[in-house]
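To start, the structure itself, in structure tokens.
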Amino acid sequence: VDIVQGELIDRLDDLFAEPVDVLFHLAAAVSAECEADFDLGMSANVDTTRALLDAARAQSTAGGPKPRVVFASSLAVYGSSPELPLPPVVSESSLPVPRTSYGTQKLICEHLIADYTRRGFVDGRVARLMTVAVRPGRPNAAASGFLSGIIREPLAGLPATCPVRPDLRVALASPRRTVQGLLRVAEAERGGLHGRALVNLPALTVSVTDMLATLRQVAGDAVADLVTVTPDPAIEAIVGSWPALFDNRRAAGLGLEPDPSFLSVVQDYLADRPDAVPGLS
């Protein structure tokens, strides 16, 4: 593994110094960041993605291999509003109408990748990620970051705040299932993706109440009581605009299934990150 550090848009010449076969584009400014700083979101998400696609295009048009570009998009491309409500269950054929700058930027990138693919410059694939939880590491500026924080921090003995009403239902995927989905989308034959290579990764639908009950079941009352519900209308407006129920048939056609339960998600986290939970390391 060769590690290249720096702003992606400034290091593309270094990254394409040798032929690139498969590229996973995961870099992004996240949801709440993009709401707070519009120019950051446009630069980090749209401008950088276009520059990356142009570097890939330059490689293929110069006679090199056509890069297979796997783009991590988001369920945030969807949004519900009174004039354009989402269907009860969302699929890839549902109209994306983002309600945030982050979702809009992700959708712009999806269209760019589709057109670069149509023109033969790259072999682009789009995997729309659900909220990844329980995500290890430090908190970030994602509006949905609390969905990891209300599990991760209490398990580490730290207090956590839940900024949404507990009955809110959300679509989640564990890190394991998310990585599995990205790899499967990358490995799939083009024909198996049936035209436009766009896949909503499988979603587990769960309420915040159920998540907290699972935490209590696994770790006990003292740990679960470290979570305080303190509503934040701005966060709830963002997360509440995202769909919670997904038709997973397209992903299932690639052999992908959602996590079976939130209990299994927490158990996977405990197995994968014993160093993050006192008493398990």
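Do we have any residue at all in region 215-227 that's touching a strand residue (DSSP E or B) at 6+ places or on another chain (Cβ under 7 Å) and not charged (D, E, K, R)? Yes. Pull out all pairs, ordered by first then second residue, where Cβ-Cβ is under 8 Å, the residues are six or more apart or on different chains, the first lies in region 1-15 and is within 18 Å of residue 43 (Cα to Cα), and the second is acidic (Asp, Glu). Cβ pairs passing all conditions: 9/47.
Residues satisfying the criterion are absent from region 178-186 (criterion: part of a loop (DSSP other than H, G, I, E, B) and either small (Gly, Ala, Ser) or on the phi > 0 side of the Ramachandran plot (or both)).
Only residues that are hydrophobic (A, V, I, L, M, F, W, C) and assigned to a strand (DSSP E or B) were counted across region 197-237, and they come to 6.
Could you tell me which residue of region 45-66 is farthest from residue 26 (Cα to Cα), considering only residues that are part of a helix (DSSP H, G or I) and open to solvent by 30 Å² or more (accessible area, probe 1.4 Å)? That would be 61.
Of the set (1) open to solvent by 50 Å² or more (accessible area, probe 1.4 Å); (2) within 19 Å of the chain's Cα centre (by Cα); (3) modelled with pLDDT under 95, all apply to residue 83 but (2). If a residue must be in a loop (DSSP other than H, G, I, E, B) and in contact with a strand residue (DSSP E or B) (Cβ under 6 Å, 6 or more places away or on another chain), how many such residues does region 1-44 contain? The total comes to 1.
Considering region 16-41, and only residues there that are touching a residue at least 40 places away in the same chain (Cβ under 8 Å) and over 30 Å from residue 238 (Cβ atoms), the residue that is least open to solvent (accessible area, probe 1.4 Å) turns out to be 20. When each of 226, 204 is tested for being more than 24 Å from residue 70 (Cα to Cα), open to solvent by 20 Å² or more (accessible area, probe 1.4 Å) and in contact with an Asp or Glu (Cβ under 8 Å, 6 or more places away or on another chain), the lone residue that passes is 226.
Exactly one residue out of 215, 270 is in contact with a helix residue (DSSP H, G or I) (Cβ under 7 Å, 6 or more places away or on another chain) and either among the hydrophobic types (A, V, I, L, M, F, W, C) or open to solvent by less than 60 Å² (accessible area, probe 1.4 Å) (or both): that is 215. The selection criterion, being open to solvent by less than 30 Å² (accessible area, probe 1.4 Å), assigned to a helix (DSSP H, G or I) and modelled with pLDDT under 95, does not hold for residue 191.
Considering every residue within region 141-151, establish whether at least one is in contact with an Asp or Glu (Cβ under 8 Å, 6 or more places away or on another chain), over 29 Å from residue 187 (Cα atoms) and surrounded by fewer than 24 Cβ atoms within 10 Å (Cβ to Cβ). Yes. For the residues 244, 160, 171, the requirement of being modelled with pLDDT of 95 or more, closer than 22 Å to residue 31 by Cβ, over 20 Å from the mean Cα position of the chain (by Cα) and surrounded by 15 or more Cβ atoms within 10 Å (Cβ to Cβ) singles out 160.
The values are calculated or read from the model by the stated rules, or taken from the named source; none is laboratory data. In this text, all values refer to a predicted model and were calculated from it rather than measured experimentally. Because the Cβ atoms are built from the backbone with ideal geometry, glycine has one as well, and the counts that use them run over all protein chains shown. Protein only, heavy atoms only, side chains kept; ligands, DNA and RNA dropped before computing areas. Shrake-Rupley method; radii C 1.70, N 1.55, O 1.52, S 1.80 Å.
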